[in-house]
Amino acid sequence: MDIEGIKKILPHRPPFLFVDEVLEISDKRIVAKRNIRSDEYFFAGHFPGEPIMPGVLMVEAIAQAGGVMLLRKRENATPLFMAIDKARFRKIVKPGDELMLEVEVIQDRGRVVKISGTAKVGGEIACEATILAGIKE
């Protein structure tokens with residue numbers, strides 16, 4: 001699935017859309033990617049001369065990939081953060097990196113879903129988190 005397909009599912013738009021392509025998808029698992037460009041808006045202040053992707057945006061990218069998986073069969077739904085648990089940041093993400101997002105469903109109760117995901121660069125975990133999301137329909 002390309003960016004246009006993703007835009008049909010997620011309500012997010014640039015510059016706050018952090019999924020570029022979906023490589024694999026099922027009802028319980030998704031693999032997606034985000035190419036980290038040097039012109040990303042957040043690099044201007046985080047940090048000048050040493051651009052690093054903020055950890056909170058890696059968590060957002062994981063959540064958005066999960067949103068694509070969860071919302072592709074639900075029309076006019078919006079995912080909302082309810083909780084972020086076990087967030088860990090293990091590797092710096094810089095311009096030029098390819099962020100691979102792998103997310104799976106842990107628990108699905110309809111309007112409340114728990115997912116677990118990782119963001120990897122070069123096969124190494126940069127970020128991991130468990131996210132509780134509410135689905136507003």
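The values are calculated or read from the model by the stated rules, or taken from the named source; none is laboratory data. Quantities reported herein were computed from a predicted structural model and do not represent experimental measurements. No Cβ is skipped: glycine too gets one built from the backbone with ideal geometry, and neighbour counts run over all protein chains shown.
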inquiry  = Considering only residues that are surrounded by 12 or more Cβ atoms within 10 Å (Cβ to Cβ) and among the aromatic types (F, W, Y), which ones fall in segment 28-44?
reply    = F42, F43
Only listed residue being in contact with a Leu (Cβ under 7 Å, 6 or more places away or on another chain), small (G, A, S) and surrounded by fewer than 21 Cβ atoms within 10 Å (Cβ to Cβ), chosen from A83, A87, A65, A61 = A83
message = Would you confirm, using the coordinates I've provided, whether F47 is under 24 Å from E124 (Cα atoms) and surrounded by 19 or more Cβ atoms within 10 Å (Cβ to Cβ)?
response = no
key: Residues (under 21 Å from E128 (Cβ atoms), assigned to a loop (DSSP other than H, G, I, E, B) and not β-branched (V, I, T)) located in segment 13-27   = F18, D20, S26
request  = Take segment 1-12 and flag every residue that is in a loop (DSSP other than H, G, I, E, B) and either in contact with a His (Cβ under 9 Å, 6 or more places away or on another chain) or among the charged types (D, E, K, R) (or both).
outcome  = D2
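Of all residues in segment 100-124 being small (G, A, S) and loosely packed, with under 12 Cβ neighbours inside 10 Å, which is farthest from V59 (Cα to Cα)?
If we take residues in segment 100-124 being small (G, A, S) and loosely packed, with under 12 Cβ neighbours inside 10 Å, then G110 is farthest from V59 (Cα to Cα).
Restricting to segment 90-99, name every residue that is within 16 Å of G55 (Cα to Cα) and either loosely packed, with under 12 Cβ neighbours inside 10 Å or not basic (K, R) (or both).
Within segment 90-99, I92, V93, P95, D97, E98, L99 meet the criteria.
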query = Hey, among P51, P95, which residue is farther than 30 Å from E137 by Cα and touching a Phe, Trp or Tyr at 6+ places or on another chain (Cβ under 6 Å)?
reply = P51
ask   = Looking at segment 59-116, which of its residues are more than 19 Å from M1 (Cβ to Cβ), touching a strand residue (DSSP E or B) at 6+ places or on another chain (Cβ under 7 Å), modelled with pLDDT of 95 or more and charged (D, E, K, R)?
value = D85, K86, R88, R90, K91, D97, K114
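With respect to F18, determine if the residue is surrounded by fewer than 18 Cβ atoms within 10 Å (Cβ to Cβ) and either of a type outside the set (F, W, Y) or modelled with pLDDT of 95 or more (or both).
No; evaluated as a whole, the condition is false for this residue.
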